1. Of LEU286, LEU255, LEU278, which residue is open to solvent by 40 Å² or more (accessible area, probe 1.4 Å), aliphatic (A, V, I, L, M) and either more than 30 Å from GLY396 (Cβ to Cβ) or out of contact with any Asp or Glu (no Cβ under 6 Å at 6 or more places or on another chain) (or both)?
2. Taking the stated definitions as given, is TRP120 at negative phi and either of a type in the set (Asp, Glu) or out of contact with any Asp or Glu (no Cβ under 8 Å at 6 or more places or on another chain) (or both)?
3. Right, GLN273: in contact with an Asp or Glu (Cβ under 9 Å, 6 or more places away or on another chain) and open to solvent by 60 Å² or more (accessible area, probe 1.4 Å) or not?
4. Could you give me the residue pairs with C-beta distances under 9 Å whose first residue belongs to the stretch 92-113 and is on the phi > 0 side of the Ramachandran plot, whose second residue is among the hydrophobic types (A, V, I, L, M, F, W, C) wherever it lies, and which are 6+ apart or on separate chains?
5. Is it the case that some residue within the stretch 199-209 is part of a helix (DSSP H, G or I), in contact (Cβ under 8 Å) with a residue 40 or more places away in the chain, open to solvent by 60 Å² or more (accessible area, probe 1.4 Å) and in the same structural domain as ALA4 (by the TED database)?
6. Out of ALA215, ALA222, report the one residue that is open to solvent by 20 Å² or more (accessible area, probe 1.4 Å) and more than 30 Å from VAL149 (Cα to Cα).
7. Helices (runs of 4 or more DSSP H) wholly in the stretch 70-179 with at least 2 residues that are in contact with a strand residue (DSSP E or B) (Cβ under 7 Å, 6 or more places away or on another chain), at pLDDT 90 or above and surrounded by 15 or more Cβ atoms within 10 Å (Cβ to Cβ) - which ones?
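The values are calculated or read from the model by the stated rules, or taken from the named source; none is laboratory data. Source: prediction; values computed, not measured. Every residue, glycine among them, receives a Cβ derived from its backbone with ideal geometry; neighbour counts consider all protein chains shown. With ligands, DNA and RNA removed, areas are computed over all heavy atoms of the protein, side chains included. Shrake-Rupley method; radii C 1.70, N 1.55, O 1.52, S 1.80 Å.
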Amino acid sequence: MTDALASDVALTWIAALACLPYLRFLWRAESPAGGRAALALVVLMGLLLALRGFDWLQVAPWLGRLTFAVATWLPLVTTLFCERLLRRHHPLWLKVLALGVSAGFFTINLVTPLAQGQTWTVAFAGAFAAVMACNALLLLRATDRDLGVEQRRLARVLVLVALIAAPLIVSDFRTLLGWPPVRLGSLAAMLFIHVMLAAEARLSLLRELVGRIFAWAVQGFALALAFAWVMGFGGEALWRHALAAWPAAIAMLMLAAIVTSSRALSLASAEGQFLRWLRAAPLDDLDRLLGALGDYLPMRKHLRLQGPDLAGYDSAVLGRLADAPVSLVRARAAAASPDAALAEAGEQWRDLLERHDMNHALPLRADPPLVVLVDLSASSAGSLAHLRAAVVQRLGRSLAARG
């Protein structure tokens, strides 16, 4: 495998990996920019990026046709995404054009052996560019009446991304053009994902885009130069290998930024989900509050234990750790304590949690005893999940004290 081909494959697979954290965010978000059309677009884009790496490696003859079959649906899905972004219907002629391009080339791909040449691939690229240009024009023409300020800014920046992406995508035809030495279309896909994440985070899109591109370019070259130096190259070979590794270094930095942004947005989305549940939860009755836990997904799996359910456990002993949610980690640590009273309490809580296969206990009342067990994804004392459980416990204890 040549160095150029290795770089091409590495770039496209890094970009395919970058789709995964954004897909996870889109799947969990209630109303992401672009709606569910964004989900379909990223799924299609990720599948295409993954497949074409195998196609470039010539793993199997049929992969070329499969890769092109996936690519043919980009005009239609991109049009639906732009339509959803504008929150109004596109002209019928544009929908027909996008559907015709996608369905037409998909059918051609089924009946025409692409191995005979690149004619249909180039023709498809031209038709796709025409559909993209029509969508970009509609995004640019969006007025204040059509979109809010944030949506309008996103529409403008996406047009700028399309302009930046155009030469990068053209580079994917380097086997026909003879230049540049590396296919850079994968960077265009990652740039799109980054802008969409920045829009979700309500960042200043244009400043974020320009600043990040400059930072990635500078930091990527420094990283590539460092790796070339570590590998023992010097003089002219140092610069030549640094330039060859530059695109892959930029892609790795973009992937890190996408993973970080996606995780931050997912955490913010989870916090918003808890606040929305709390806003709707009944705060005047303990039974109704505990019943509403079934509407909050992370605590949907919960158990209410009281009376006979706690037979064999000493409520006074359990009360020694009842000042806060009792996690399984905390119970095990207490059970290993040299303090006999604390160890006894930890042992009883550990037994109670392990018996019911849960990892958090919320002691709500001592007499008569009432405990709610929940199964949370995180059990550390400083986690957000633990803090939300503490809020539920405090509300439950307040209502239990009234009754």
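1. After applying the criteria, what remains is LEU278.
2. Yes; evaluated as a whole, the condition is true for this residue.
3. Spelling it out, GLN273 is indeed in contact with an Asp or Glu (Cβ under 9 Å, 6 or more places away or on another chain) and open to solvent by 60 Å² or more (accessible area, probe 1.4 Å).
4. none
5. Looking through the stretch 199-209, at least one residue is part of a helix (DSSP H, G or I), in contact (Cβ under 8 Å) with a residue 40 or more places away in the chain, open to solvent by 60 Å² or more (accessible area, probe 1.4 Å) and in the same structural domain as ALA4 (by the TED database).
6. The conditions single out ALA222.
7. none
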